[in-house]
Amino acid sequence: MQQIRGTSLLVKALQEEGVDTIFGYPGGLVTDIFDELYHHDDIKVVLPRHEQALVHEADGYARSTGKVGVCLVTGGPGAANMVTGIATAYYDSVPLVCLSGQVASSLIGDDAFQEADIVGITRNICKHGVIVNDRKNLGRILKEAFYIARTGKPGPVLVDLPKNVMVELGSDEYPDKVNIRGYKPSTKVHIGQLKKAVDLLNTSQKPIFLIGGGVNIAGAQAELTKLVELTKIPVVTTMMGKGSIDTKHPYYLGNVGMHGSYAANMAVTECDLLFSIGTRFSDRVTSKISEFARNAKIVHIDIDSAAISKNIKVDIPIVADAKEAITAMLNYVNEHETAEWLQQLFTWQATHPLTMQSNNGLTAKKVIDHINETCQDAIVVTDVGQHQMWTIQFLELNRNMQLLTSGGMGTMGYGFPAALGAKLGNEHKTVICISGDGGMQMNIQELATAVAEELPVIICLFNNSSLGMVRQVQTLFFEKNYSSICTRRRKSCPRKCSGTSDQCPPYSPDFVALAKAYGAEGIRVTTEGEIGAAFDQALKNTDGPTIIEFIIDKDDLVLPMVQGGKPLYEMILEY
Amino acid sequence: MEKRWLSLFVENDIGVLSKISGLFSGKAYNLESLTVGMTEDETVSRMTIRLISDDETFEQIKKQLNRCIEVIKVIDFTNSPIHMKELLFVKVRKCSKGDLDELFRIAEVFGVSIIDYDKESVLMECVQTESKNNALITLLSSDFQSIEVVRGGSVAIESISITER
Ligand SMILES: Cc1ncc(C[n+]2csc(CCOP(=O)(O)OP(=O)(O)O)c2C)c(N)n1
Ligand SMILES: [Mg+2]
């Protein structure tokens, strides 16, 4: 057995885990690790410009490739900057291994320079967190970190690496097996329970499948489609479940929840059996719990037993991996006679299609329609806000079109860095980021990363001169008291301003000029007719990012909308 | 809302106590007492937790605890045969001569040891079930002017043949 430094064992671990790309930001507590990485050409180290963005990049990389995303940052401020990224990954079940430098073991507790108890800080927002307090545990802990991150319900794992441990000599062994007595994730389906659920399905008159992000994570899209086609039972999805079945599939009714489609929200309200897979029934999905699926028996399949009967009382709980469960179901289900129910659903769909209320001039929908018409093989990544909801409403997804979005946390600033991570993991796919003028500025510095890495990501920046999502709430529920949402506001503006005037100050920053300052391309689009040409120009820029700034009306709303706490069937359909 | 008891086998590592207590505070679960100590296996600690919750929350708490990587096993002690005891110290001050006599009588009747005293104070040690300790505190606080209470929280173990909680 050879004696090697901790840093060498770390690199060996990355190699054994098949990691070829990591996202790293250096600092005093990780210089030894970066020095080791300097000597290894097989691991690409991407240098983002902020550690929050760094984690989102690893997250976008992980979501789009299915691999574990790896982050490496220094201690103290570097580690603390990761917090939002880690929480975002945790609430959307994204496998990450986050490595942070830590002061030497002997200094811990002294309030040493850049000492921060990052394991403590992140305890409630990651799947697991651990500090390596002994060189002899390093290999085992790293092995376990990767294992915990990707198995069961995936999630971020934080490993804190004290400086002395990383330079200490020790065994060069990287274990190939894991045995954690407190962690035995099981994916197997209880067939008896599953048969009961299928029986319920067979005797129901108005069944519906509700599909969450778990089906996408499990990679069970093909199995789900087969299940739907075999049973002829329609499907609704949550935001995170969108894309688990081709959105053009005749049995697909759209998303449920706060900005769901009329047909989907009514289907859930009126169904007599809600067969749900891989969702945690967040309040954005259920709205008023007592009215949610009020006439239905509920089957719930989820890999996380704690997600079952947490928010919604369930009649048949099944703890299992979505793919295994659906595959097993295929053996027991039959075609279901639901003609009358389908008729009802299709009528709802036909009478209340998803649209934009005013679709005059340049709107988000027209841009998304253009993407639908021209992109066959792309990853679309959104930020958070109205533009996100429009994308989720109007973007068509299928086997070759993937959507990444921050669902559980709704983290502004997620979209752009996550898109860069997706592009790094999928060189040959078109990657489109859809962002808002607010969220884009929460990680705008990543333009430098995109330029440096020559990542031809297309950024569709919807500029409505406002924090539109909040403005919409103020429009609908706060008598248009537009408090702190105007991104054009300056000191010279009146204290209370209810919107448009010709004297509004110019928007700052000038995104087109800013893009150019970073060495990227920038295009401003103000009319519908320019959409196609702008995309064509962006697609020609193959060695760097292009921002297309679409100037849209700040009064455009995302509808339908269910006000928080109201039942799903009380949708605001027009304004 | 009911009283419940849990016994947890956890990894004897730094941060585990914080993980468990953080789970309760982070999710607004109602934790009444938590004790932790080492076991015959130096890599394992056991926790006895007393909490108040409704049925659904209790199910959720057990699942959430089970989900923690550091938790090896969760046992519900609420309705199982166990022995459960709690250490209680009560210091009674400002006692008259009559109070002292009375305290020694109480100690005898209630099976409490007096482990220290002087002319006007008495220190009692009581290893009893929680409800008996509660009863003793009620009695002492109604009959005496100044009492100081320190309690350890219950520890529990499965019974062999009889139950005591
Ligand atoms: C980090 C963070 N801060 C605040 C919010 C609350 N929030 C949600 S959407 C939104 C407005 C987003 O504005 P913009 O990026 O311009 O998108 P738009 O809604 O205008 O499309 C805000 C402030 C959030 N989700 N995340
Ligand atoms: Mg905006």
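Restricting the stretch A:542-575 to residues that are hydroxyl-bearing (Ser, Thr, Tyr) and within 25 Å of residue A:287 (Cα to Cα) leaves a set whose member that is nearest to ligand 1 (Cβ to nearest atom) is A:575.
The sole residue among B:103, B:136, B:65 that is within 14 Å of chain A (Cβ to nearest Cβ), out of contact with any Gly (no Cβ under 9 Å at 6 or more places or on another chain) and at pLDDT 95 or above is B:65.
Residue B:38: within 23 Å of residue A:137 (Cα to Cα), away from chain A (no Cβ under 12 Å) and under 18 Å from the mean Cα position of the chain (by Cα), yes or no?
The answer is yes for residue B:38.
Hey, could you check the stretch A:80-120 for residues that are within 14 Å of chain B (Cβ to nearest Cβ), surrounded by 18 or more Cβ atoms within 10 Å (Cβ to Cβ) and small (Gly, Ala, Ser) and say which is farthest from the chain's Cα centre (by Cα)? Among them, the one singled out is A:87. Return a yes/no flag: does the stretch A:521-530 have any residue that is acidic (Asp, Glu), away from ligand 1 (no atom under 16 Å from the Cβ) and not in a helix (DSSP H, G or I). Within the stretch A:521-530, one or more residues are acidic (Asp, Glu), away from ligand 1 (no atom under 16 Å from the Cβ) and not in a helix (DSSP H, G or I).
Quick grid of which residues meet (1) among the aromatic types (Phe, Trp, Tyr); (2) more than 32 Å from the chain's Cα centre (by Cα); (3) closer than 30 Å to residue A:432 by Cβ; (4) crowded, with 16+ Cβ neighbours inside 10 Å:
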site: A:328; (1), (2), (3), (4): no, no, no, yes
site: A:336; (1), (2), (3), (4): no, yes, no, yes
site: A:339; (1), (2), (3), (4): no, yes, no, no
site: A:342; (1), (2), (3), (4): no, no, no, yes
site: A:346; (1), (2), (3), (4): yes, no, no, no
site: A:351; (1), (2), (3), (4): no, no, no, no
site: A:362; (1), (2), (3), (4): no, no, yes, yes
site: A:365; (1), (2), (3), (4): no, no, yes, yes
site: A:368; (1), (2), (3), (4): no, no, yes, yes
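Which of the residues belonging to the stretch A:371-390 are more than 10 Å from ligand 1 (Cβ to nearest atom) and buried (at least 24 other Cβ atoms within 10 Å of the Cβ)? Answer for the stretch A:371-390, where residues must be more than 10 Å from ligand 1 (Cβ to nearest atom) and buried (at least 24 other Cβ atoms within 10 Å of the Cβ): A:379, A:380, A:381. Would a scan of the stretch A:244-254 turn up a residue that is at positive phi and of a type in the set (S, T, N, Q)? Within the stretch A:244-254, none of the residues are at positive phi and of a type in the set (S, T, N, Q). Only a single item in (1) away from chain B (no Cβ under 14 Å); (2) more than 16 Å from ligand 2 (Cβ to nearest atom); (3) not in a helix (DSSP H, G or I) is not met by residue A:342, and it is number (3). Does residue B:90 count as surrounded by 19 or more Cβ atoms within 10 Å (Cβ to Cβ), touching a residue at least 12 places away in the same chain (Cβ under 8 Å) and either within 14 Å of chain A (Cβ to nearest Cβ) or in a helix (DSSP H, G or I) (or both)? The answer is no for residue B:90. Could you list, in sequence order, all residues of the stretch B:32-60 that are of a type in the set (Lys, Arg) and under 14 Å from residue B:11 (Cα atoms)? Across the stretch B:32-60, the qualifying residue is only B:46. Of the helices (runs of 4 or more DSSP H) contained entirely in the stretch A:184-286, those carrying at least 1 residues that are acidic (Asp, Glu), more than 22 Å from the chain's Cα centre (by Cα) and not assigned by TED's automatic domain parsing to the domain that holds residue A:385 fall at A:191-203, A:221-231, A:262-270. Under the condition of being within 11 Å of another protein chain (Cβ to nearest Cβ), touching a strand residue (DSSP E or B) at 6+ places or on another chain (Cβ under 8 Å) and not hydrophobic (A, V, I, L, M, F, W, C), the residues counted in the stretch B:16-35 number 2. The residue that is farthest from residue B:61 (Cα to Cα), counting only those in the stretch A:288-315 that are away from chain B (no Cβ under 14 Å) and crowded, with 24+ Cβ neighbours inside 10 Å, is A:293.
Residues of the stretch A:33-63 that are among the aromatic types (Phe, Trp, Tyr) and not in a helix (DSSP H, G or I): none at all.
Taking (1) assigned to a loop (DSSP other than H, G, I, E, B); (2) more than 17 Å from residue A:213 (Cβ to Cβ); (3) out of contact with any His (no Cβ under 9 Å at 6 or more places or on another chain) in turn, residue A:310 satisfies each apart from (2). Within the stretch A:134-158, if we keep just the residues that are surrounded by fewer than 21 Cβ atoms within 10 Å (Cβ to Cβ) and touching a Pro at 6+ places or on another chain (Cβ under 7 Å), the residue that is nearest to the other protein chains (Cβ to nearest Cβ) turns out to be A:152.
Listed conditions (1) without any contact (Cβ under 8 Å) to a residue 60 or more places away in the chain; (2) surrounded by 20 or more Cβ atoms within 10 Å (Cβ to Cβ) are all met by residue A:218, apart from (1).
To keep it simple, each residue is scored yes or no on (1) assigned by TED's automatic domain parsing to the domain that holds residue A:540; (2) within 19 Å of residue A:518 (Cβ to Cβ); (3) more than 14 Å from ligand 1 (Cβ to nearest atom).
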position: A:441; (1), (2), (3): yes, yes, no
position: A:452; (1), (2), (3): yes, yes, yes
position: A:456; (1), (2), (3): yes, yes, yes
position: A:462; (1), (2), (3): yes, no, no
position: A:468; (1), (2), (3): yes, no, no
position: A:472; (1), (2), (3): yes, no, no
position: A:476; (1), (2), (3): yes, no, no
position: A:480; (1), (2), (3): yes, no, yes
position: A:483; (1), (2), (3): yes, no, no
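When restricted to residues that are within 14 Å of ligand 2 (Cβ to nearest atom) and either over 21 Å from residue A:560 (Cβ atoms) or assigned to a helix (DSSP H, G or I) (or both), the stretch A:368-382 contains 0.
The values are calculated or read from the model by the stated rules, or taken from the named source; none is laboratory data. Note that the structure is predicted; figures quoted are calculated from it, not measured. Positions of Cβ are generated from backbone atoms using ideal geometry, with glycine treated the same way; all protein chains shown enter the neighbour counts.
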